[in-house]
Every structure is written in C-alpha cells, then in structure tokens.
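Enquirer: Supplied in structure tokens, the structure appears directly below.
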Amino acid sequence: MAGKNKILIVSDDSSLVERLTAELLNRGYLLCTAKPDVIQTVFDEVPHLIIIDASYGDEEGKKIAADVKDDMVVKYIPIILLVDGESDVRLGKVVDFCLRRSEKAEKVARLVEETLAKNYNELDLNPLTHLPGVRSSVSCIEHAIQSKKPFSICCVDLSDLSAFNGSYGVGRGDEVIVRLAKIAGSALKRKGAADDFLGHLGGDDFIIVTRSARAVPVSEAVIRDFDAAVGGYYDVEDRRKGYIVQPSHEGVSTRYPLMGLSIAIVHCNPRGPGSMVEFSRIAGELKKTMKGQKGSCYVKYRQSAKDQSHRGGKNGPSLKVCFPTRKSVRVAGLETGNTQKERMVTGILRERKIKTLYQPIVDLKTKTVV
C-alpha cells in the first residue's frame, strides 16, 4: 500500500529533508519535493499527504498549509505541519496534525502511515460515494483547461451540512452526500453525455466536467432533483418549520434553513483559466458570491477579452446568480488582482502579523510629500 502513496515534503532544511526522505523511502513511499510555487506543485503532483516545515522560506510554511486548506480542490489532502514550539499547537485547527520539528523521523513516518491507513481521504476513489477522487478530478480539470475547447467545470457545494450533522449526526449527513452523488450522476445521464465526468473531492464538494452547452441544463437538473429530495432527510417538525437550530461557529444559536446547493460554473474557453491555480481561485471566488443567497443557485463565469483587461484588483463585469425557480440577481464581479499578491496579503491577515511601514510618496512637481 505504501508504494502507491506519494508524499510531498516542503522544507528547505536539508538535514530535515534527508532524515525524512531516508525513513519514508525505507517504508516504500514515493517522494516528491516542492518547487518554488508550492501550490502549483500540489496541483502537479496531487500527493496523498503533505509534510510542511513551518519555517520553510521566510516562515512561509504556516501560510502555505493554510492556503492548501483554503483551496477548494486540494483541501482534503492531509497535512502534517512540523513546528518549533507549543505556541503553534493551535495550528492543529488549520491543518490535520502538528509535530515538533525535533521529533524523530520514525515518529513522523508512523503518523504518515496511520493517517493513510485510515483511508479517510482516498484520493483516487472516494470511499463513501465510490466516485473518482481528487487525483482523477485534478487530471480531468487540467485536461479541460489545456484543451481550450468549450468545456465547463461545475463545482457543486452543499450548504450548512455541518449544522445538519449537528442535529442529526454524521451518519445521516453521509446519506445526504450519497444521495447527492446519485442525483448528480442521474442528471448527467439525462442532460449530459457519455464522456462527461463526475468526481467527489471529499466532504460535500463535487466536480462535474461537461461541454459548455450542457453545463446549465445539468446544473439546473441537479438543483431541482436535490431540492425535491432533501426535505425527506429532516424530521417532520423541522421540515414543517423549514429550519433547524444549531450553535454557530461563534456559539450563538442560529436558524439554518433546509440544505441547498450552490454550483459555480467556470467556462474553459480559449481565454479561460490558464492553470489549475487560476481555476481554483476563480471557482472559490464564485462560491463566495453565492454565500448568503437564499435557496439553491448557480453562477456561471466566462472570461472575455474585456475581463482580461481589468488589472490591479478591479472588479470585472457583474455576475448573475441564477435560481431555477425564481428571478436571478446581480452581484459584483470578480476581482482580477495579482494572485501572488492576494496570497501574500491573505497570509499576513491570517497570521495577524501586520507591520505598518511608512513609505513617503513625493509629488515631483511641487516637491512635497503627499
């Protein structure tokens, strides 16, 4: 089993890499090392597990780990973060596991072994739905992007599953996920084509790859069938009320409506996303535009020459959030700023390590500081 699993090591400490490499190779794992763009390496390699040294680069390891966990496509890949002290234990909420950098390579390797043995995240075949997992999904998405043909990638997400699990338990939540997988597969058979792709990234995240002309009919069929079925998973009284009450992340009692779907449709035309990183960013932003909308909905994004002319964080044209049973609404377009800068700012804010620097700007005409 170990020989089939690929481990990505992200560290610039040669001694640490040497110790881990020797131990993991001895146990039969395949190893790969990170290139300067670590996120792109994750997409290129799709490892079964990632070991990240928190002190990698200029203390960039923590930010990289958080970036992976924020990414819609690869967030289900387990991460072991190697840290220096107890103050970093809180990062265990961000990543899967934290260990001290000083731990013996044998202990790290045992944790790798235990994590992969649980089969909690099988990247090649999802154990719950038996659909293709992350590795197959990434491969299919990359093929669609690189072909420059009119493909669309539909990112299907279930709302408020954690609240549902809090009320009814994970077992019933898993039943909903399995039902959604069957609904999506049935919709593809009716509205799609034989070569369309359905993948399960993990949790409640699914991917559909189809020709652009079929993306909306497929998405609408999935939404209609799911909305018709989801009520049956609630108790009669909750279904009658139309909501359940559960504590929010802040611990406040909150009403959560019956679960719905949000589907982000990204068209891969010749001007579409040029890489997995760009696709994932766009899809993630599209999902944010649907947050707060009442009821199941979808939004589609097709990049045009006009969109590509937007620079410096300006918003592109407004987007239309569509509802199969009622009028659509307009929301602000996506920001098209520099992805690398966005990651840097996000990392700074996430770590709450903001240092204010004053750089005077001089007006050369008046020779005064502005």
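No value in this document is a laboratory result; all are computed from the given coordinates. These numbers come from a predicted model, not from an experiment. Using ideal geometry, Cβ is built from the backbone for each residue, glycine included, and neighbour counts are taken over all protein chains shown.
Enquirer: Please report how far the C-alpha centroid of region 115-178 lies from that of region 49-87, rounded to the nearest whole angstrom.
Expert: Answer, in whole Å: 21.
Enquirer: Take the alpha carbon gyration tensor of region 101-232, find the square roots of its eigenvalues, order them as a ≥ b ≥ c, and report rounded if a/c is under 1.5; if not, report prolate when a/b exceeds b/c, else oblate.
Expert: On the way: a/c = 2.83, a/b = 1.37, b/c = 2.07.
Oblate shape, in that a/c is at least 1.5 and b/c is the bigger or equal ratio.
Enquirer: How much length is gained on full extension from R240 to T325, taking 0.36 nm per residue of separation minus their Cα-Cα distance?
Expert: Difference between extended and current length: 28.6 nm.
Enquirer: Applying the Karplus parametrisation 6.51 cos²θ - 1.76 cosθ + 1.60 with θ = phi - 60° to the phi angles of region 239-253, what ³J(HN,Hα) value in whole Hz is obtained for each residue in order, glycine and proline being reported as x?
Expert: 5, 5, 5, x, 7, 10, 10, 9, x, 6, 4, 8, x, 8, 4
Enquirer: Taking square-rooted eigenvalues a ≥ b ≥ c of the alpha carbon gyration tensor, is region 211-304 rounded, prolate or oblate, where a/c under 1.5 means rounded and, failing that, a/b exceeding b/c means prolate? Could the numbers behind the result be given before it?
Expert: On the way: a/c = 3.91, a/b = 1.78, b/c = 2.19.
Here region 211-304 falls in the oblate category.
Enquirer: For labels at K291 and S253 in the simple 7 Å Cα→Cβ model, what's the distance in nm?
Expert: Here the answer is 2.6 nm between the modelled labels.
Enquirer: Another question, then. Starting with the highest mean, order 156-167, 200-211 by the number of other Cβ atoms within 10 Å, averaged over the residues of each peptide.
Expert: Order by mean packing, descending: 200-211, 156-167.
Enquirer: Once you list every other residue whose beta carbon is under 15 Å from the beta carbon of R27, what net charge do they have if Lys and Arg are +1 and Asp and Glu are -1?
Expert: Charge balance in the 15 Å sphere: +2.
Enquirer: Provide the gained length on full extension for the span K148 to E278, in nm with one decimal, where the gain is 0.36 nm per separating residue minus the Cα-Cα distance.
Expert: Taking 0.36 nm per residue and subtracting the Cα distance, the gain is 45.4 nm.
Enquirer: Could I ask something else about it? May I ask you to list the GluC sites (Glu not before Pro) in region 180-268 that are in a DSSP loop and have at most 11 other Cβ atoms within 10 Å of their Cβ?
Expert: Passing both the DSSP loop test and the Cβ count: E250.
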